[in-house]
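Here is the structure we will look at, set down as structure tokens.
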Amino acid sequence: MLRPLLSRLILLVAVGFCGWFHAAAQDTPLLSGGLAFFSSTTGGNTTYFTIAEPLAAVPIGPHFLVESRAALLETFSPSGSPQAGYDHSHFVGLTYLQGDYLLTSHLTVVGGSYLVPFGTYNERLSPVWIGNFQDGPLIAGLGVMSSGTGVGGELRGSAVSRPHYTIDYAAWFSARSGNQQFNAERSSGGRAEVYLPVQGLEVGASYGRLLEGTQENFYGTHLWWEPIGTGFRLRSEFARGQHGDGYWVEADYRMAAFGGADSFVGRFEPLFRMQQTFRLNQTGSDSLPAVDTQRADFGLDYNLPHNVRILTSYSRQFSSTRNENIWETGIVYRYLLPTWKGK
């Protein structure tokens, strides 16, 4: 499994160096990503994770960009027997590998393996260095098909851009792929959103259709509100499939008003997320819980210097099968560096 991955990473770097002879100085390739160590305790059992998510963005000239993200995960979880200690597993793979061609100021053509643009979590909040909570919402897998990625093409961009509002769009078609690194289902769909910059408000809708096996439609809406000049953010999503639906609402507040963002108090960031899922029938194979589930997440993050964050949270989950407490802690480091010095 490592050999094909290394071959693709070497190819990505080679493409970047070929682009060196054609790119302007400001088109310096960037290496970014995040490193994290997490622990999660559920029902008295604690699991430990180490995660590395490197990301490469390689511009080739003024119109073309190659970008990719990988995931390296090590998991230590309790075994079935107390005497046996912990089981260990690992995963290495590419999350996506795509090429972006800026055709016009309103249209970018994307090809390769890409994150399915359904809702907002999959594209915007899934990187380990961005999300406020250690784990994603219960509906994170709804509408993005089984793998969260597509293999094919996208059309995306800004349809209308005005000082007081913008309208953005993304449309995709994915072929079926059984490749171990780039697994995808045959599907299509799109997303559109309206953003009001003065109010810091975004409202959008998504649609997806699974085109193989038992064909299924997915519908989603999202609302983000980030008032300008404040540390408050409100994010929410609703998604519905043929066999279930659900929502999540997340609010956080960076306490920069108390002495500034770099003060001791200003680095704290209290969080709250409420989420529910509803099972419409028992025939589905989606990622939702098998029964109706409610979950409240309370978090407190601390933003250290040099892009280091401490994440802590407590969750209480309710369902007809069992109620449980979930305690999570972790530390995340985000890095960003050019591959060589620009002018």
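Readers should treat all values here as calculations from the given coordinates under stated rules, not as data from a laboratory. Not measured: the values here are computed from a predicted model. Cβ coordinates were reconstructed from backbone atoms using ideal geometry, including for glycine residues, and neighbour counts include every protein chain displayed.
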Around Glu193, what is the net charge, scoring Lys/Arg as +1 and Asp/Glu as -1 over all other residues with Cβ under 9 Å from its Cβ? -1
Positive-end residue, the chain charge dipole about Cα centroid, Cβ charges, pick of Ser158, Phe49, Leu30: Leu30
Inter-site label distance for Leu103 and His63 at 7 Å from Cα along Cβ, in nm: 1.1 nm
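Counting Lys and Arg as +1 and Asp and Glu as -1, what is the net charge of the other residues whose Cβ lies under 14 Å from the Cβ of Arg273? Could you put the intermediate results ahead of the total?
On the way: positive: Arg233, Arg235, Arg295, Arg316; negative: Asp135, Glu237, Glu250, Asp252, Glu269, Asp297, Asp301, Glu328.
Net charge around Arg273: -4.
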Table column - 3J(HN,Hα) (Hz), segment 184-192, Karplus curve with 6.51, -1.76, 1.60, x for Gly and Pro: 7, 10, 6, 7, 8, x, x, 9, 9
Lys and Arg at +1, Asp and Glu at -1: add these up for the other residues within a Cβ distance under 13 Å of Phe298 and post the number. -3
Out of these labelled values of mean projected area of the Cα convex hull in nm², (1) 19.4; (2) 16.6; (3) 17.4, which was calculated from the coordinates shown here? (1)
Extension length gain for Val265 and Arg124 (0.36 nm per residue less Cα distance), in nm, is 48.0 nm
